[in-house]
Amino acid sequence: MSDIALTRPVPVTTEPPLARYLLIGLAAVFVALFLFAPLVTVFVEALRQGWVGVIDALRLPDAQAAIRMTLTIAAIAVPLNATFGIAAAWAITKFDFRGKAFLITLIDLPFSVSPVVAGLMLVLLFGANSTLGGWLIANDMPIVFAFPGILLATLFVTFPFVAREIIPVMIEQGRTEEEAALTLGASGWRTFFTVTLPNIRWALLYGVLLCNARAMGEFGAVAVVSGKIRGETATMPTMVEMFYNEYLSVAAFTLAAVLAMLALLTLLLKSLLEWRHAELLAATRRH
Amino acid sequence: MRAGILRSPSPLPGFGLSFGIMMTVLSIVVLLPIGALLGRGLMIGPADLWDMVNSRRIWSALTLSFRAALIASLFNLVFGLLLAWVLVRYRFWGRRFVDAAVDLPFALPTAVAGIALTALYAPNGVFGQALAPFGLQVAYTEVGIWVALVFIGLPFVVRTVQPVIEELEPDLEEVSATLGARRTHTLRRVILPTLTPALLTGFALALARSVGEYGSVIFIAGNIPNLTEIAPLLIVIRLEEYNYDAAAAIGIAMLVVSFAMLLAINAIQVWSRRRIGNV
């Protein structure tokens with residue numbers, strides 16, 4: 001009857017269906033091979049000797065000491081980092097001062113430094129052969145190959161995480177709300193806790209989440225600084241390496257599986273934040 | 001303090017406190033350690049530094065770290081763009097799941113990724129056995145290092161390009177189509193140039209991360225001197241020998257390489273922004 005009905009409209013702002021399916025297929029294969037396969041391997045290798053092997057591995061004193069060490073480090077490093085991030089964001093977004101751009105570059109700097117080089121820096125600064133390190137050791141306050149060194153290494157590699165999540169959000173929100181609170185007679189702290197903090201809480205939580213994942217998982221910097229002393233300075237990731245190098249495969253992959261589950265939990269919480277509170281996160285996080 | 005540093009007055013309180021906390025932590029955690037490395041370099045002196053870096057083993061390690069990072073980041077440039085495009089433009093079952101999974105390399109500790117990839121690609125692993133009939137060996141070769149660095153760098157490209165694709169105005173593509181351009185032509189001449197700065201930024205971030213990567217690489221690399229020994233590992237080896245000067249020399253070389261790279265790629269970005277701005 002009509003010729004027009006026979007020609008279907010050709011969409012001009014997307015690809016033809018065949019190309020679409022091909023691209024989706026290619027992406028799926030890539031994700032399966034490069035992301036999912038390694039993740040699945042961790043759990044498969046951990047369960048190679050069944051649950052008995054997993055439980056035996058978790059009972060090892062070295063494994064338990066490493067878990068305790070990692071939890072302690074994260075429990076101290078993350079709040080310190082959050083405090084720094086909030087302080088830096090407040091100073092940077094609420095005031096106008098010289099050298100601000102340079103300061104932001106400095107805060108981002110740890111991202112472009114190799115973790116091993118970060119560890120090296122701490123060894124050079126606080127190691128036994130430096131003046132400062134020698135003095136600290138003489139006064140019974142060793143930093144390298146001890147707890148404070150691991151903490152400093154963790155702080156270095158996680159340094160920008162919280163600050164760079166909340167700075168864009170605080171820039172977007174401006175300072176008018178805080179100024180209004182102050183004119184209405186609120187004190188500085190009250191303004192912060194009742195006006196600023198609620199505005200940035202989801203972005204802060206997001207930053208804390210990423211910071212915590214990195215704090216628990218850092219390997220290179222901690223491996224250099226800690227000396228990897230079993231039961232004393234070994235963290236979960238460095239213990240994974242030691243078990244692996246001793247051919248204790250199940251023990252290595254069991255600890256790795258615990259870390260992988262923490263990573264999955266992190267991803268889950270992160271996705272929930274992105275879906276539920278997208279409008280309160282930095283613009284680049286809203287997808 | 002306030003009057004000296006502030007450029008314009010602000011009615012808000014807390015400048016001294018927040019600025020003080022920021023500078024204290026920044027100094028102890030970042031500035032002092034970097035100063036210690038650079039200071040060590042100055043004490044050794046440029047001539048001796050050069051002598052220490054100028055050995056075959058160190059050059060091999062530095063060029064390997066750089067070359068493998070470059071290859072992996074180029075690979076990620078292509079597949080990162082593909083993933084970002086598919087995630088933003090197409091609707092398919094499991095899209096949100098894949099979207100969340102892209103961040104796995106950020107969340108998974110590098111040592112865990114390292115032993116998992118090694119188990120997969122080792123001669124007795126699932127992928128290792130599958131590739132063996134074709135004469136391909138991945139684990140304990142340079143290809144293994146590429147695989148580890150592809151894993152590490154992927155989210156950088158996807159997460160930088162994805163928001164830019166989301167912001168693309170459909171008008172541009174419609175105009176291009178009404179003017180008679182075929183879809184491939186529109187993609188190449190309209191969309192790709194718009195995405196170039198984001199692609200380069202993602203590439204730069206992946207590259208900077210990959211050059212210094214340690215945890216995921218050392219298990220799969222095999223660590224044969226002059227062949228598959230990366231620069232960060234060489235620093236660790238020198239430190240274990242208590243040869244702090246040699247370790248510092250390699251560390252300074254790596255710092256120089258990564259800063260030079262960031263500067264170069266920043267320049268490309270400025271150039272490409274200006275070019276697009278003029279169109």
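Under a 5 Å amide H cut-off, with hydrogens placed 1.01 Å from N, A:Asp96 pairs with B:Arg7, B:Ser8 among residues at least 5 apart or on other chains. Could you tell me which helices of chain B pass both thresholds, a Cα extent of 30 Å or more along their own axis and a mean Kyte-Doolittle hydropathy of at least -0.5, with helices taken as whole DSSP H runs? Span-like helices in chain B: B:56-89, B:142-167, B:244-278.
The residue list A:Pro115, A:Val195, A:Ala75 was ranked by how far each Cα lies along the charge dipole of segment A:61-283 toward its positive end, using unit charges on Cβ atoms, and A:Val195 comes out on top.
Taking the average, over residues, of other Cβ atoms within 10 Å as the packing measure, peptides B:249-257, B:220-228, A:84-92, A:217-225 rank A:217-225, A:84-92, B:249-257, B:220-228 from highest down. Here is what passes the span test in chain A: the DSSP H helices with alpha carbon length of 27 Å or more along the helix axis and a Kyte-Doolittle mean of 0.5 or above are A:61-94, A:197-217, A:249-276. Computed across chain A, the Kirkwood hydrodynamic radius from all distinct Cα-Cα pairs reaches 22.4 Å.
Taking the Cα atoms of segment A:229-287, the ratio Rg/Rh between the radius of gyration and the Kirkwood radius comes to 1.25. Using C-alpha pairs below 8 Å separated by at least 6 residues, the relative contact order for chain A is 28 percent.
If you look at the Cα atoms of segment B:14-130, you get an Rg and a Dmax of 22.4, 62 Å.
Between B:Asp103, B:Asp245, B:Asp171, the GNM of chain B built on Cα springs shorter than 10 angstrom shows B:Asp171 fluctuating the most.
Taking every Cα-Cα distance in segment A:151-287 and sorting them into 10 Å bins from zero, the calculated P(r) comes out as 11, 30, 26, 19, 10, 3, 0 percent.
Centre-to-centre separation between the Cα atoms of segment A:167-246 and those of segment A:9-44: 34 Å. Loop-located chymotrypsin sites (Phe, Trp or Tyr not before Pro) across segment B:66-99 with a Cβ neighbour count of 16 or fewer within 10 Å are B:Tyr90, B:Phe92, B:Trp93, with loop assigned by DSSP.
According to the Kirkwood relation over distinct C-alpha pairs, the hydrodynamic radius of chain B is 22.0 Å. Taking only DSSP H segments of four or more residues, each worth -39500 (n - 2.57), what value at 222 nm results for chain B once the sum is divided by all its residues, to the nearest 500 deg cm²/dmol? The per-residue figure over chain B is -24000 deg cm²/dmol. Could you give log10 I(q)/I(0) at q = 0.08 Å⁻¹ for the protein assembly as shown, computed by the Debye formula over C-alpha point scatterers of equal weight, without solvent? Debye intensities relative to I(0), on a log10 scale: -0.58. Of the GluC sites (Glu not before Pro) found in segment B:165-243, those that fall in a DSSP loop while having at most 13 other beta-carbon atoms within 10 Å are B:Glu241.
None of the figures in this text is laboratory data; all of them are computed from the coordinates on show. Note that this is a predicted model, so its numbers are computed, not measured. FYI the Cβ positions are ideal-geometry reconstructions off the backbone, even for glycines, and counts take in every protein chain you see.
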